[in-house]
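Reviewing the structure listed below.
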Amino acid sequence: MRRAYARCATRDNTDLKIGLGAAAGWMNVVVMPSSTVEDYIKHIYALAEASESGEASMGRVAEALGVVPGTATTMVKALAEAGLASYSPRVGVQLTPQGRALALHVLRRHRLIEQFLVEVLGFDWSEVHEEAELLEHVISDRLLERIDQRLGYPTQDPHGDPIPSAEGELPTAPLQTLADCDFGVPHEVARVSDQDNDFLNYLTEVGLNPGARIVVTARSAGADSVTLLVGDPSRELTLGLSAAGKLFVRLFVEVEGVVR
Ligand SMILES: [Zn+2]
């Protein structure tokens, strides 16, 4: 069922039609650039992962892609036609195993590119997301595997996001955020879920990059604040709850004989 997807490899997305299959002689053929297909698949994957039902609502898909709901519905129907998603009008959309494999491959490209830009080309972690958004659609598998090899097969990107393996496996670890982790217990920053430049620059400024040691000392819903100690020697810092919710942390485990 890669037929419609193969037919998506064009930059001209002005003429959107839904394929009726070979039997119908392709009277109506989807013309959708592969980068658009990949963007839809990527966002549907993220939204479905974040939702309790495992489905992405069409409203959220349209919002994430910055299109009107009618456009999103047309596109999602085309993805369903290509065997990449399944769509039910009032429930939403979820990826098929083929769609999920494509989503993980796009994430692998995106995250390896980000890691390459930071590690090898010296970019700042706040600058790489936009670059990766463009490059993720054009890089060949051959170049990607070369980058992976050159980087020593990393498992995380500069924001702490796990990099799917070439086989499409995504290692996941249950993480808490600064908005819900325990008080008084040493944690380290594991992952940052917002890649906005200003936010990342702020984190660098206050020393909250992945790997930073923190201890949450107070939290107040009324004052919309989380107070924490950052680094060693530590400094006190206060964040709003929404910013705190974007910083995932894991328990800091001191490995005997290893200084971290
Ligand atoms: Zn990114």
Practice task
Give, as a single signed number, the net charge of other residues whose beta carbon lies under 14 Å from the beta carbon of ILE44, with Lys and Arg counted +1 and Asp and Glu -1.
Solution key: -1
Exercise for the section: Note down the relative contact order for the chain as a percent, whole number, built from C-alpha pairs under 8 angstrom at least six residues apart. Expected result: 13 percent
Problem - Dipole-positive endmost among HIS105, GLN94, ILE163 within the chain (Cβ charges, Cα centre) - result: GLN94
Practice task
Please pull out the direction-averaged projected area of segment 176-251, using the convex hull of its alpha-carbon atoms, in nm² to one decimal place.
Solution key: 4.3 nm²
Completion exercise
D (µm²/s, integer) via Stokes-Einstein for the chain, Kirkwood Rh across alpha-carbon pairs, 10 °C, 1.306 mPa s: value 78 µm²/s
Practice task
Report the local net charge at ALA243: Lys and Arg +1, Asp and Glu -1, summed over other residues whose C-beta lies under 15 Å from its C-beta.
Solution key: -3
Completion exercise
Of the candidates VAL67, ASN209, VAL230, the farthest towards the positive dipole end of the chain (Lys/Arg Cβ +1, Asp/Glu Cβ -1, centred on the Cα centre) is VAL67
Exercise for the section: Note down the nm distance, to one decimal, between modelled labels 7 Å out along Cα→Cβ at ALA173 and at SER53. Expected result: 3.3 nm
Exercise for the section: Mind checking segment 142-212 for trypsin sites (Lys or Arg not before Pro) that DSSP puts in a loop (not H, G, I, E or B) and that have at most 16 other Cβ atoms within 10 Å? Expected result: none
Practice task
Name all residues of segment 161-182 having a backbone nitrogen under 17 Å from the label point set 7 Å from the Cα of GLU145 along its Cα→Cβ direction, giving them as ranges.
Solution key: 164-169
Practice task
Please tell me the relative contact order of segment 166-260 in percent, rounded to the nearest whole number, where contacts are Cα pairs under 8 Å and at least six residues apart.
Solution key: 37 percent
Practice task
Please report, in debye to the nearest 20, how large the charge dipole of the chain is about its Cα centre when each Lys and Arg carries +1 at its beta carbon and each Asp and Glu carries -1 there.
Solution key: 980 debye
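Here, each number is a calculation from the coordinates, and none is a lab measurement. Just so it is clear, the model here is predicted, and its values are computed rather than measured. Cβ sites come from the backbone with ideal geometry, for glycine too, and all protein chains shown count toward neighbours.
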